[in-house]
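Chemist: Please find one structure pasted underneath; my questions will follow.
The values are calculated or read from the model by the stated rules, or taken from the named source; none is laboratory data. This is a predicted model, so every value here is computed, not measured. Every residue, glycine as well, gets a Cβ built from its backbone with ideal geometry; the counts of neighbours run over all protein chains shown.
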Amino acid sequence: MSYQIIADSCGDFTEEMKRNPVFKTVPLTLEIGSYSILDDEHFDQLDFIQRVNASPVGPKTACPSPEAFQKAIEESDADEVYIVTISDSLSGTFQAAKIGQSLYEENGKKGEKKIHIFNSLSASAGECKLCLDIQELKEAGKPFEEVVDTIEKACSDINTLFVLESLDTLRKNGRLTGIKSFLASALNIKPVMGAVDGTIVQLGQQRGMQKALRKMVELAVERAGGPEATKRKRLVITHVNAPERAEQVKADFEKLASFKEIIITNAMGVATIYANDKGIVVAL
């Protein structure tokens, strides 16, 4: 294998990506009170959603250890290793990966492989998109240095937006007051959120899920540079247990613009925690 793409488990790989040995996942740990599991191929989304809904405390995540990334690098038989992590403002995963690379190189293996770690400044659909972009560049025969330059720029330019069905996880984790959460639920207010320089911000809000999703689509196309610019872009839509909603979001995008490719994928554990049941994340 000439190259390998490694992402943490917030990368939300498609089923096809999971079957392709080019792609590898280093899992985070998911926690609900005393319950703890790895966010790996054994993750049961429906069971986890039920546990979250039944728990009075909010779910949390723990980043992989540096040794987990060191092992992933060591086990790769590729000459080039590209690692994509969740935004460093959301998790310590990027730093863990950097330390993992150092541990690998300290064992006298520096120079054996070309390795680069990307801070995605995104999550979920954004990470998935960047991994697919790397694959596309390598399949086109691009050299390591060009891939690194292109994807670093893509990390800075990526547009990631999401809409939550429920604010319960934010409330349980203390990121939203109980009064604000109650009022939002009572008034059916759905925030449209996005990532700016890797940090989550609110971009708008609408009353009702369908209006919020349409607003998200409009903002995503606008922030990406408009319909002319999106023709050259790959759009990734991640859903949490909501395939029909994801298809509707895809149709809404197609009404406004055209894209190089549109990918739909189901969330793994990290995105399931933070986007909640029926949440939608998009990146382009």
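Chemist: Just need a number here: residues in segment 8-29 that are touching a Phe, Trp or Tyr at 6+ places or on another chain (Cβ under 7 Å) and closer than 28 Å to GLN50 by Cβ.
Modeler: Here the count works out to 4.
Chemist: Right, next: Mind checking which residues of segment 137-171 are in contact with a strand residue (DSSP E or B) (Cβ under 8 Å, 6 or more places away or on another chain) and in a helix (DSSP H, G or I)?
Modeler: Of everything in segment 137-171, those that are in contact with a strand residue (DSSP E or B) (Cβ under 8 Å, 6 or more places away or on another chain) and in a helix (DSSP H, G or I) turn out to be LYS138, PHE144, VAL147, VAL148, ILE151, GLU152, CYS155.
Chemist: Looking only at residues in segment 240-281 that are assigned to a loop (DSSP other than H, G, I, E, B) and of a type outside the set (Gly, Ala, Ser), which one is modelled with the lowest pLDDT?
Modeler: Across segment 240-281, the extreme among qualifying residues is ASN276.
Chemist: Between a residue in segment 1-25 that is within 15 Å of SER124 (Cβ to Cβ) and in contact (Cβ under 8 Å) with a residue 60 or more places away in the chain and any residue that is β-branched (Val, Ile, Thr) and assigned to a loop (DSSP other than H, G, I, E, B), which pairs come within a Cβ distance under 7 Å, given they are 6 or more apart or on different chains?
Modeler: ASP8/ILE86; CYS10/ILE86
Chemist: Here is a follow-up. Among the residues of segment 19-33, is there at least one that is out of contact with any Ser or Thr (no Cβ under 8 Å at 6 or more places or on another chain) and at pLDDT below 95?
Modeler: No, that holds for no residue.
Chemist: A follow-up question, please. For GLY225, work out the one condition from (1) in a loop (DSSP other than H, G, I, E, B); (2) under 18 Å from the mean Cα position of the chain (by Cα); (3) farther than 15 Å from LEU164 by Cα it doesn't fulfil.
Modeler: Checking GLY225 against (1) in a loop (DSSP other than H, G, I, E, B); (2) under 18 Å from the mean Cα position of the chain (by Cα); (3) farther than 15 Å from LEU164 by Cα, the one that fails is (2).
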